[in-house]
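Contents: one structure, followed by commentary.
The values are calculated or read from the model by the stated rules, or taken from the named source; none is laboratory data. Given the structure is predicted, the values throughout are model-derived calculations rather than measurements. Using ideal geometry, Cβ is built from the backbone for each residue, glycine included, and neighbour counts are taken over all protein chains shown.
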Amino acid sequence: MRALLFRLGTPQPNRAAAFVFVLPSVALNAGLLGQCDAMWAAACVMALAAAIDRRHAMMLVWCGLALGFKVQALLIAPFFLALLINRRVPLRLWPIAPLTAAATMLPAWAAGWPASDLATIYFRQADTYEALSLNAPNLWAIVQALPWIGTLPMMGLAFAAAIGATAAYIAWLSARALQGRALIPAALLCPLVTAGLLPRMHERYFFLADVIALVLALSMRDRASWRIAILIQAGSTLGLLSYLSGIDGLGMLGGVAMIVATVRLARPLLNPAANDNPLMVRAV
């Protein structure tokens, strides 16, 4: 966080970075759930810092390291893919990310864990779930709770919506010349779209969005950014509380907050000529 905020010109980046410790979702994730999401999210934050520096080889190393920690790093992969296309990064550098991810699996493989299990464990586990949302505060947490639609087979529709929105996001970002602070809202939109539309998402899959939203608020320092960060934090925290308490309604409320945050973030990004565009006007 300090490394990224320093590059964004945030005043007192050391103190500002410490705000990550007071995020409820971060405290619940590590302190109560015992998850290691901070490890892969930290690598993604460093990849974003390298992207701002235009150090694309190092960016891909951090991306590969994040993916080696957890496959959830793929939730922000479309952002980095679009950036590679936009900046015409040589194809010879692209394999750095998958090679780094594979290298992180070597110790487990050397210790006797079958390589096939390392490569497919997430997908085999995902196949055992049928729910559209696994306490994730997204659209599907609301849809699956509706009595007149929740029983319909909508898994295919969910995947199609996620794939279509992701493809549109990549096409949009590939055609935009974004630099410096302008990269932060674009990066934040990516996990909001992917985790927001993919089925079988867990309550903790918005962890990276929580962190990047804090970066957005601390670097932009305007009301619009803080509202978005608060909405995202509220949505993520409600999803975690839904998992801990078993109350599905909390996840639905979190989904509403997350959808509102996504719309608020996407509107000025998709209409950069608007006069009421604080995110893009201040992104220099």
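If you go through the range 158-180 one residue at a time, do you hit one that is buried (at least 24 other Cβ atoms within 10 Å of the Cβ) and more than 14 Å from residue 261 (Cβ to Cβ)? Spell out how you get there, then give the answer.
Start the filter on the range 158-180 by keeping residues that are buried (at least 24 other Cβ atoms within 10 Å of the Cβ), which leaves none.
Among the residues of the range 158-180, not one is buried (at least 24 other Cβ atoms within 10 Å of the Cβ) and more than 14 Å from residue 261 (Cβ to Cβ), which makes the answer no.
Has the range 156-166 got at least one residue that is touching a residue at least 40 places away in the same chain (Cβ under 8 Å), outside any helix (DSSP H, G or I) and within 16 Å of the chain's Cα centre (by Cα)? No - not one qualifying residue is present in the range 156-166. For the range 69-80, a tally of residues being in contact with a Ser or Thr (Cβ under 9 Å, 6 or more places away or on another chain) and surrounded by 19 or more Cβ atoms within 10 Å (Cβ to Cβ) returns 5. One residue alone among 240, 244 is in a helix (DSSP H, G or I) and crowded, with 24+ Cβ neighbours inside 10 Å, and that residue is 240.
Residues checked against (1) of a type outside the set (Lys, Arg); (2) assigned to a helix (DSSP H, G or I); (3) more than 14 Å from the chain's Cα centre (by Cα); (4) over 20 Å from residue 77 (Cα atoms):
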site: 171; (1), (2), (3), (4): yes, yes, yes, no
site: 185; (1), (2), (3), (4): yes, yes, no, no
site: 196; (1), (2), (3), (4): yes, yes, no, no
site: 213; (1), (2), (3), (4): yes, yes, no, no
site: 229; (1), (2), (3), (4): yes, yes, no, yes
site: 234; (1), (2), (3), (4): yes, yes, yes, yes
site: 252; (1), (2), (3), (4): yes, yes, yes, yes
site: 264; (1), (2), (3), (4): no, yes, yes, yes
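For the range 48-76, a residue qualifies if it is within 21 Å of residue 179 (Cβ to Cβ) and touching a residue at least 60 places away in the same chain (Cβ under 8 Å), and the qualifying residues are 48, 51, 52, 76. For residue 187, indicate whether it is surrounded by 24 or more Cβ atoms within 10 Å (Cβ to Cβ) and not hydroxyl-bearing (Ser, Thr, Tyr). Yes, satisfied.
Here residue 284 passes the criteria (1) buried (at least 23 other Cβ atoms within 10 Å of the Cβ); (2) hydrophobic (A, V, I, L, M, F, W, C); (3) at pLDDT below 95; (4) within 25 Å of residue 2 (Cβ to Cβ) except the one numbered (1).
Quick check, is residue 222 within 19 Å of residue 25 (Cβ to Cβ), among the charged types (D, E, K, R) and in contact (Cβ under 8 Å) with a residue 40 or more places away in the chain? Criteria not met by residue 222.
State all residues of the range 137-155 that are under 21 Å from residue 210 (Cβ atoms) and either over 19 Å from the mean Cα position of the chain (by Cα) or in a strand (DSSP E or B) (or both); if no residue qualifies, say none. Even if it seems obvious, please write down each step before you answer.
So in the range 137-155, the residues under 21 Å from residue 210 (Cβ atoms) come out as 137-142.
Correct list: 142 only.
The number of residues in the range 82-91 that are crowded, with 19+ Cβ neighbours inside 10 Å and in contact (Cβ under 8 Å) with a residue 60 or more places away in the chain comes to 2. When residue 134 is tested against (1) surrounded by 11 or more Cβ atoms within 10 Å (Cβ to Cβ); (2) part of a helix (DSSP H, G or I); (3) modelled with pLDDT of 75 or more, exactly one condition is not met: (2).
In this entry, residue 217 is excluded by the filter for residues that are surrounded by 24 or more Cβ atoms within 10 Å (Cβ to Cβ) and either in a helix (DSSP H, G or I) or at pLDDT below 95 (or both).
Only one of the numbered conditions (1) under 19 Å from residue 79 (Cβ atoms); (2) among the basic types (Lys, Arg); (3) under 17 Å from the mean Cα position of the chain (by Cα) is not met by residue 176, and that is (3).
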